[in-house]
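First up is the structure itself, then whatever we jot down about it.
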Amino acid sequence: MEKILFINSTKTEFTILQGLFNKYQTKVITLPVKDVEKIVLDFQPQTILFEENVPIKIIKKIVNKYPFIPLSIIGELNDPVKLEKILDLGLNTIKIPATEKEIETIFSNIMWFSLSKPNLWQQEVELAGLEKRNKKFFLGIKIITTILFATILVVFITNIYNISLAKKVESKMFFEISLPYVTPSDITFLDNTYMVSDWSIKNIFKHDVSTDEILQMYVPEHKFGTITSYVYDKENYIFTSSNFVDKIYVYKYPDFDSPVKEILPLKDVAILAMNVYNNTLFILDNEKKLYSFKIQENFDTVLNASFTLKEFFPIDTFFYNNHIYFLDNKNLVYKLSYPDLKTVSIIRLSQYFGEDKHFVSLAMNDIWFYLLNDRDKKIYKISNKILL
């Protein structure tokens, strides 16, 4: 049975976690205790959950010693300074209030993608130790190399400067916007702004489309992974959903206290991504199917058509200028004609951004093509001419 280690700072009981603890083999420890790192090593959990008042220094020790274990923290998480530190350490955040089902779904996904599986645990510990030793070794090499390189720079300063200048010009091919407080999952445009959703802490961040600065943060009532905007009768609306539910929640912007409508387009169809264009709602499920719906009055939906995408596995979609674009799980963007869904072109993103990016969402306006990277916590934008 898979294991969860719960580290609590007090004797407070979380009744909401009882279903989770019944599902997995669970060990609960309450601070203060001696040698938390040894407890982790002896128990060999697949994931660790912290209560929000556990000191950052304890969390940091575990992150450094066991980087392969997925970590989460639960609580109200109202302290913005501590929340920033938590997100910088790469923890998943579970904000109370949350339902028991939401929490179980989160941990089901964590267990599925975890590297700390029972048969891999010891191997990962050894790799983590080897990586630390390598870092120390390469740090020494780096210092020596830097000294030698500095000496060479004195001799060849003119040539190096020219090369550096050329690289700077080349780097302007795309721009990066860091999102220090966000684990981005989706993007949508609204007037002169764009909205970025954060699945981990249930927030939506509004950015100025010209400066890319964060203007405001919203906290909708329900958890979500995908968002899209919709203008109806000169009023702005935001649709939210996730691949854990089959419902879409409609909020009248900028009021996110409670949805004005719940839409059930297709019963028992998990919503991986969605986009609205010209009163048409496009939905991607997690089985490579695309659905298009006509949005009627009062946000009722009527199914227009459904398609199965056989050539690739789509994770996001965006409609622009009579074409529908798909981001797949291999960092390829497919441009298809609509409604016949014939492939017009395929764009390999590694050609522009390198091989190490993990893009999860795409969007486009009249100037820029936007991509979200959840691991780097960045927005990448490049001229939309690469897609047109």
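Each value in this text was obtained by applying a stated rule to the coordinates, not by laboratory testing. None of the values given here were measured: they were computed from a predicted structure. So basically every Cβ, Gly included, is an ideal-geometry build from the backbone, and we count neighbours across all protein chains shown.
Brief remarks on what is shown
- When you count the other C-beta atoms within 10 angstrom of each residue and take the mean per peptide, 216-226, 31-41 line up highest first as 216-226, 31-41.
- Relative exposure of Trp199, Trp368, judged by other C-beta atoms within 10 Å (fewest first): Trp368, Trp199
- The local environment of Val276, defined by Cβ-Cβ distances under 13 Å, has a net charge of 0 under the rule Lys, Arg +1 and Asp, Glu -1.
- Membrane-span-like helices of the chain, defined as complete DSSP H segments with a Cα extent of 24 Å or more along the helix axis and a mean Kyte hydropathy of at least -0.5, are identified as 121-155.
- Beta bridges from DSSP with both residues in the chain: antiparallel share about 80 percent, rounded to the nearest 5.
- Counted residue by residue at 0.36 nm each, then reduced by the alpha carbon distance between them, the extension gain from Lys234 to Asp79 reaches 52.1 nm.
- If the segment from Leu388 to Arg375 were pulled out straight at 0.36 nm per residue, it would be longer than the present Cα-Cα gap by 1.9 nm.
- Distance from the Cα centroid of region 70-87 to that of region 231-288 is 28 Å (rounded to whole angstrom).
- Measuring how big region 3-118 is from its alpha-carbon positions, Rg and Dmax come out at 13.1, 35 Å.
- Residue among Asp316, Asp268, Asp198 with the largest mean-square fluctuation in a Gaussian network model of the chain, springs linking Cα atoms under 10 Å: Asp268
- What you get for region 176-386, charging only the Cβ of Lys and Arg (+1) and of Asp and Glu (-1), is a dipole of about 540 debye around the Cα centre.
- Whole-Å semi-axes of the ellipsoid equivalent to region 176-386 (Cα gyration tensor, √5λ, descending): 23, 22, 16
- Computed lengthening from Glu221 to Val344, 0.36 nm per intervening residue step minus Cα-Cα distance: 40.3 nm
- Dipole-positive endmost among Leu388, Tyr277, Asn373 within region 232-388 (Cβ charges, Cα centre): Leu388
- Annotation for Val209 and Lys330: the two label points, set 7 Å from Cα along the Cα-Cβ direction, are 3.3 nm apart.
- Translational diffusion coefficient (Stokes-Einstein; Kirkwood radius from C-alpha pairs) of the chain at 10 °C, 1.306 mPa s, in µm²/s: 68
- Calculated from backbone phi, Karplus (6.51, -1.76, 1.60) coupling profile of region 234-247 in Hz, x at Gly/Pro: 6, 10, 9, 10, 10, 9, 10, 6, 7, 7, 9, 9, 10, 9
- Estimated dipole of the chain in Debye, rounded to 20 [Cβ of Lys and Arg +1, of Asp and Glu -1, Cα centre]: 1440
- Over the chain, relative contact order from alpha-carbon pairs under 8 Å, at least 6 apart, %: 9
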